[in-house]
Amino acid sequence: MFKLEQQEYVREAINWTFIDFSDNQPCIDVIEGKLGVLALLDEESRMPSGTDASFLTKLNTQLAKPEHKAVFKKPRFGNSAFTIAHYALDVTYEVEGFLEKNRDTVPDEQMALLSSSKNTFLKEVLDAALGSKSADGSHPDSPSFSDSGSGGSRRASIIPDPGRQSFIGSSSGSGPKRMGAAAKKPTQGSIFKASLITLMDTLSVTEVHYIRCIKPNEHKKPWEFAPQQVLGQLRACGVLETIRISCAGYPSRWTYEEFAERLVAASIPVVFQLISNYVSDITCLCPLLIGRP
């Protein structure tokens, strides 16, 4: 977000001195990198002998290095936790239960039984959860629609789950399986990472608008505003930092056409002569309107 703010000045060839800000990329690399937290968690989750303690040992071996010392930290006391310096603040994670939650084990027999159900509502829920193909052949990674038998209503699945495509492929029966070739079950970490990649792909081809939801108080009461709590949320999600960069730069932004239209209305007749000479090039007209060559 901060990079986009300053890169816009560069694209418009504005004389601008870059402002230093806290870059969150090192933290992202520690979590999502090839030997990051999610990768090591998946690796340990797929090992029959994997334990929470061995997962923590791998984290300390791979990430407790000088290049990651600003992001990954070992607590001073105890040997069952690790700390990651997020943008907002440092967060300490207890590793107990990490592997079990990441595996999210559901027996294949139960999944096969649910998928064979003829209950339309249950099949609709499964379609949404698994991101499976709908009757019209839509892509599994995109939101799908399931036809409800009662009333003919159509509901949109807005939570595609690309991480679970391995189950869909194994249950579709699209060809003989090789002996001993077991499908790799998706973990919660792989599902999250696949969903995040899909989200970033979507953001890269759209015009991004950020909406920040601020919690005014801890009691969910109307007309109650906790200033320090709100300030902490604004600081944690980077709003204050963005405002600082915007105020140091050019927070008021008009197009050339808007600028010329507003200024010409309050200008002397000489300006209108300039318009007739430069009407085909609005970018040349605007500097003349403010007295610059």
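Mind counting the residues in the range 160-217 that are surrounded by fewer than 10 Cβ atoms within 10 Å (Cβ to Cβ), farther than 25 Å from residue 28 by Cβ and modelled with pLDDT of 85 or more?
Number satisfying all stated conditions: 0.
Out of the residues in the range 89-124 that are of a type in the set (Gly, Ala, Ser) and not assigned by TED's automatic domain parsing to the domain that holds residue 47, state the one that is nearest to residue 237 (Cα to Cα).
Filtering the range 89-124 for residues that are of a type in the set (Gly, Ala, Ser) and not assigned by TED's automatic domain parsing to the domain that holds residue 47, the one nearest to residue 237 (Cα to Cα) comes out as 115.
Restricting attention to the range 8-28, and to residues there that are free of Cβ contacts under 8 Å to residues at least 24 places away in the same chain and surrounded by 11 or more Cβ atoms within 10 Å (Cβ to Cβ), which single residue is farthest from residue 71 (Cα to Cα)?
It comes out as 8.
The conditions are (1) surrounded by 11 or more Cβ atoms within 10 Å (Cβ to Cβ); (2) in a loop (DSSP other than H, G, I, E, B), and residue 57 fails exactly one of them. Which is it?
The failed condition is (2).
Condition check ((1) farther than 30 Å from residue 89 by Cβ; (2) assigned by TED's automatic domain parsing to the domain that holds residue 11; (3) at pLDDT 65 or above; (4) not hydroxyl-bearing (Ser, Thr, Tyr)) across all residues:
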{"position": "230", "(1), (2), (3), (4)": "no, no, yes, yes"}
{"position": "235", "(1), (2), (3), (4)": "no, no, yes, yes"}
{"position": "241", "(1), (2), (3), (4)": "no, no, yes, yes"}
{"position": "261", "(1), (2), (3), (4)": "yes, no, yes, yes"}
{"position": "274", "(1), (2), (3), (4)": "yes, no, no, yes"}
{"position": "282", "(1), (2), (3), (4)": "yes, no, yes, yes"}
{"position": "285", "(1), (2), (3), (4)": "yes, no, yes, yes"}
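Taking the range 40-71 as the region of interest, how many residues are touching a residue at least 40 places away in the same chain (Cβ under 8 Å) and either in contact with a strand residue (DSSP E or B) (Cβ under 7 Å, 6 or more places away or on another chain) or of a type in the set (A, V, I, L, M) (or both)?
Residues that pass the stated criteria total 4.
Would you call residue 103 touching a helix residue (DSSP H, G or I) at 6+ places or on another chain (Cβ under 8 Å) and of a type in the set (Lys, Arg)?
Yes; evaluated as a whole, the condition is true for this residue.
For the range 87-106, what are the residues that are assigned to a loop (DSSP other than H, G, I, E, B), loosely packed, with under 15 Cβ neighbours inside 10 Å and modelled with pLDDT of 90 or more?
Of everything in the range 87-106, those that are assigned to a loop (DSSP other than H, G, I, E, B), loosely packed, with under 15 Cβ neighbours inside 10 Å and modelled with pLDDT of 90 or more turn out to be 96, 97.
Looking at the range 178-206, I want the residues that are farther than 25 Å from residue 40 by Cβ and have a partner that is modelled with pLDDT of 85 or more with Cβ atoms under 6 Å, at least 6 apart or on another chain. Which pairs are those?
From residues that are farther than 25 Å from residue 40 by Cβ, there are no pairs.
In this structure, is residue 58 of a type in the set (D, E, K, R), within 30 Å of residue 241 (Cα to Cα) and at pLDDT 80 or above?
No, not satisfied.
Need a quick list: helices (runs of 4 or more DSSP H) entirely within the range 187-270 having at least 2 residues that are charged (D, E, K, R).
So the answer is 188-204, 239-248, 256-264.
Mind listing whichever residues of the range 107-123 are assigned to a loop (DSSP other than H, G, I, E, B) and closer than 19 Å to residue 46 by Cβ?
Correct list: 107 only.
In this structure, does residue 81 turn out to be in contact (Cβ under 8 Å) with a residue 12 or more places away in the chain and surrounded by fewer than 14 Cβ atoms within 10 Å (Cβ to Cβ)?
Taking the combined requirement at face value, the residue does not satisfy it.
Suppose we filter the range 16-70 for residues that are closer than 19 Å to residue 192 by Cβ and of a type in the set (S, T, N, Q); how many remain?
Number of matching residues: 3.
The values are calculated or read from the model by the stated rules, or taken from the named source; none is laboratory data. Everything numeric in this text was worked out from a predicted model, so none of it was measured. Cβ coordinates were reconstructed from backbone atoms using ideal geometry, including for glycine residues, and neighbour counts include every protein chain displayed.
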